[in-house]
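First up is the structure itself, then whatever we jot down about it.
The values are calculated or read from the model by the stated rules, or taken from the named source; none is laboratory data. The structure displayed is predicted, hence computed values, not measured ones. Cβ placement follows ideal geometry from the backbone for every residue including glycine, while neighbour counts extend to all protein chains displayed.
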Amino acid sequence: MLKQRIITALILLPIALGGFFLLDGGAFALFIGLVVSLGAWEWARLAGLEAQVLRVAYAAVVAGLLMLLHLMPDLAPWVLGASVLWWGLATWLVLTYPRSSELWASAACRLLIGLLILLPAWQGLVLLKLWPLGNWLIMAVMVLVWGADIGAYFSGRAFGKRKLAPQVSPGKSWEGVYGGLVVSLLITVVVGVNRGWSFAELLLGVLGAGLVVMASVVGDLTESMFKRRSGIKDSSNLLPGHGGVLDRIDSLTAAIPLFAVLLWAANWGVL
């Protein structure tokens, strides 16, 4: 399993970095759209669609909506606004699971939720790419999430006692969350000091990073919640040793839209 994970990672890493740094405009939107469409194909299974033709049809619908968003950029604020509302609701759904599962038991509801998860993630990345230091903004949100994941893993293994959401993901602990937060906030402070941020900017940066990291935790738990409800361990087997696309980007689907909204609120870019 470890060998598989390493080989898959070595293949995917240059593809991902090339897509992020070498592509622009429509090519970048198409690259991210392909990833999101694969995620949609996986989500259809979590929503209860077993037939391959239905899963492909859902992915095609998502791809069509991404094209619409690309052609109508003025919809971006609405898409990101809907995302913020959704992740607030998702937090409550995770905290009250399994009771809350009655609210999204139907396939139609779960398919709609898939749109609220996938479309804003694409929209957020496309916007970040257009803004000043676009490539580095994309790397920044990913480093925040990866740093939180690494910190949570080691902190959880060393100190984990209090379960974060035992009904959803029994292996995660509050100590892991705290460890992940510490790592990501330290990264933010180091970046802020090196870039000469004022104290107020540093304070806002740390607060924003904390919110993004907590959103990433909710994103991870939300996919776990839907997988548990569906009795599925991995979203698919597309990535040997890693599971599926959704298993790799679940945290980012929540972190990216919020990261974009916070930067917009700070007048970094224009929506």
Practice item. Kindly list the number of the only condition in (1) under 25 Å from Ala265 (Cβ atoms); (2) surrounded by 14 or more Cβ atoms within 10 Å (Cβ to Cβ); (3) charged (D, E, K, R); (4) free of Cβ contacts under 8 Å to residues at least 12 places away in the same chain that fails for Arg195. Key: (2)
Exercise for review: Give the residue, chosen from Ala165, Ala254, Ala266, that is of a type in the set (Gly, Ala, Ser) and within 16 Å of Ile138 (Cα to Cα).
Suggested key: Ala254
Exercise for review: Quick one: count up the residues across segment 141-196 that are under 19 Å from Thr222 (Cβ atoms), small (Gly, Ala, Ser) and not in a helix (DSSP H, G or I).
Suggested key: 4
Review point. Of the conditions (1) within 17 Å of Ala121 (Cβ to Cβ); (2) modelled with pLDDT under 95; (3) out of contact with any Gly (no Cβ under 6 Å at 6 or more places or on another chain), Asp250 fails just one. Which one is it?
Key: (3)
Exercise for review: Look at segment 135-150 and say how many of its residues are crowded, with 20+ Cβ neighbours inside 10 Å and not aliphatic (A, V, I, L, M).
Suggested key: 1
Point to revise | Candidates Leu262, Leu258 - the one that is closer than 19 Å to Thr91 by Cβ and crowded, with 24+ Cβ neighbours inside 10 Å | key: Leu258
Practice item. Sort out which residues of segment 106-137 are hydrophobic (A, V, I, L, M, F, W, C), under 28 Å from Arg45 (Cβ atoms) and touching a helix residue (DSSP H, G or I) at 6+ places or on another chain (Cβ under 8 Å), and write them in order of number. Key: Cys109, Leu111, Ile113, Leu115, Leu116, Ile117, Leu118, Leu119, Ala121, Trp122, Leu125, Val126
